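Right, one structure below, let's go through it.
The values are calculated or read from the model by the stated rules, or taken from the named source; none is laboratory data. The model shown is predicted, which means the values in this text are computed figures rather than measured ones. Glycine also receives a Cβ, built like all others from the backbone with ideal geometry; neighbour counts cover every protein chain displayed. Keep in mind that these areas ignore ligands, DNA and RNA; they rest on the heavy atoms of the full protein, side chains included. Shrake-Rupley method; radii C 1.70, N 1.55, O 1.52, S 1.80 Å.
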Amino acid sequence: MSPSAVGAKIPAGLAEFLADLEALGDRSERIEALIGIAKRYRPVPREVATPPYDDLHKVPACESQAYVWAVPQDDGTLRFHFAVLNPQGISAMAMAVILDENLSGAPVAEVAAVPSDIVYTIFGRELSMGKSMGLMAMVTMVRAAAERAAAARS
Amino acid sequence: MTDITSRGYSHPDSLVSTDWVAQHLEDSGVRVIESNEDPLLYPSGHVPRAQEVAWVRDLNDPVRRDYLQRAGFEALMSRLGVTPATKIVLYGDKNNWWSCYALWVFQLFGHTNAVIMDGGRLKWEKEGRPMVREGVKPEPTRYAAQERDDRRIRAFRDDVLAHLAKQGPLIDVRSPEEYNGTRLHMEAYPNEGALRGGHIPGAANVPWARAIVPDDGTFKTAADLRAIYEGEKGLKPSDDVIAYCRIGERSSHTWFVLSYLLGYEKVRNYDGSWTEWGNLVGVPIEK
């Protein structure tokens, strides 16, 4: 799915990121890019949450044991934080970085329009069912937080 | 962690240790193959000289829901530089779950000279052993495989229905939430790929990872495994057992445990699993 096919407006930063990734074309180039992104992963800061993390923040269906926090900012946007407890959950770490770098600080109405299947744009179609469900659930949790924030403002 | 040979397994030669692998990295009769759920793991670093078998890309039929056919398997093995005599050592992430899945598919084509590296990627990394990013391009071989034989270790839905009719033992290796059907009811989250939740009537629930020592990913001793499958669930080595999960991946791990570590002679993996059963019209479901 290309970003242009999304329909509803998604944050410009994410659209640009997806377009750049799709432009890579070659699978190995995309994988190298995603491995580089995963290296930027940092777990949720202690001022936001400390382990053991509350199950309310746990991503369902994610075997990498990922957690999501959405912290309201003064300007009405959200700052997203993540924890990935499985040290081998490198795709979940890459996804956490992508969501934080491209959705934190974006208008919540646009974050609420991000479809879960950007996972396939990012990682390709070669994901197992379990892996794609876990990664899509990370997007779903971020979107759900944005939907709640947008509803609270209206 | 105890030595593999001292754990009481029926087929201890179905496992090799990380030490053994480290000593055989240059052995031309051995191919080390990594198989993961996470597609970024192998390219991020792997055991030196290891090759990758990507489950979705390499072992699945690209169109219909099935595994590859003989020609595809031959092409895969040829690409890997493998002959029927090559000893294949499989390892991977998630307690070797995906490597057991690959081993199960290899068995469908009769490549029996395949073993699992006990502890998988987790143990190799924890021991600080070398990881490299360079890939390997072996000289291709001409591999001749048998036709895929689904009869012995694979169960289809009609087999499960027949098994159910004679009250044969079933092991559901999913999480208790999946087994009970409660996860399907979580609002706003993707479901498990099935319209109905629950389990096949009479199935016992043994989550697959109970067979593993969490600290290092190695398999539990035979005595500990028997305590779970036989002590708690009443299985017997002479039983005709069918294991299932969501799409047959986790249950291939349990298939390996029962078949190789505990010596059960008739264990089948129902790879249609819950994504088939939970969508079938009219089949019985228990909650």
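Data for the structure
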| item | result |
| --- | --- |
| DSSP-defined beta bridges in the protein assembly as shown - what % are antiparallel, rounded to 5 | 35 percent |
| Relative contact order (%) - segment B:209-287, alpha-carbon pairs under 8 angstrom, separation at least six | 27 percent |
| Average projection area in nm² (convex hull over Cα atoms of segment B:124-170, one quarter of hull surface) | 7.8 nm² |
| Residue B:177-residue B:144 pseudo-label distance in nm [points 7 Å out on the Cα-to-Cβ vector] | 5.1 nm |
| With 10 Å bins from 0: P(r) over segment B:141-287, alpha-carbon pairs, percent | 11, 41, 31, 14, 2, 0 |
| Coordinate range along principal axes, alpha carbons of the protein assembly as shown, Å, largest first | 65, 51, 41 |
| Coordinate range along principal axes, alpha carbons of segment B:1-49, Å, largest first | 36, 26, 17 |
| Exposure of residue B:156 as accessible area (Å², to 10), given a probe of 1.4 Å and all protein chains | 90 Å² |
| Kirkwood Rh in Å, taken over segment B:65-130 so that all alpha-carbon pairs contribute | 12.8 Å |
| Chain A - percent of accessible surface contributed by carbon and sulfur, probe 1.4 Å | 51 percent |
| Surface accessible to a 1.4 Å probe, per residue, for the residues of the protein assembly as shown, Å² | 42 Å² |
| Relative contact order of segment A:1-141, defined on C-alpha pairs under 8 angstrom at six or more residues apart (%) | 32 percent |
| Efficiency of FRET between residue B:137 and residue B:26 - r from beta-carbon atoms, R0 25 angstrom, step 0.05 | 0.95 |
| Percent of C-alpha pairs per 10 Å bin, segment A:52-154, short to long | 16, 50, 28, 5, 0 |
| For segment A:72-124, radius of gyration divided by Kirkwood radius, i.e. Rg to Rh on alpha-carbons | 1.01 |
| Surface share of carbon and sulfur [accessible, 1.4 angstrom probe, percent] for segment B:119-243 | 51 percent |
| Furthest towards positive pole of dipole, B:214, B:279, A:98, structure part the protein assembly as shown, Cβ charges | B:279 |
| Filter on B:220/B:287; B:87/B:123; A:58/B:233; B:87/B:233 - keep pairs with C-alpha separation over 24 Å | B:220/B:287; A:58/B:233; B:87/B:233 |
| Radius of gyration and Dmax over the Cα atoms of segment B:1-139, both given in Å | 14.4, 45 |
| For chain A, calculated [θ]222 nm from helices alone, where every DSSP H run of n ≥ 4 adds -39500 (n - 2.57) | -15000 deg cm²/dmol |
| Interface area, A with B, accessible, probe 1.4 Å, both sides summed, Å² nearest 100 | 2300 Å² |
| Loop-resident sites, segment A:114-154, for trypsin sites (Lys or Arg not before Pro), counting at most 14 other Cβ within 10 Å (DSSP) | A:125 |
| Inter-label distance for residue B:228 and residue B:10, nm, one decimal - labels placed 7 Å from Cα along Cα-to-Cβ | 1.7 nm |
| Angle in degrees between helix B:93-108 and the longest Cα principal axis of chain B, rounded to the nearest 10 | 90 degrees |
| Hydrodynamic radius of chain B per Kirkwood, over alpha carbon pairs, in Å | 19.5 Å |
| Net charge dipole size for the protein assembly as shown [Lys, Arg +1 and Asp, Glu -1 on Cβ; Debye, nearest 20] | 500 debye |
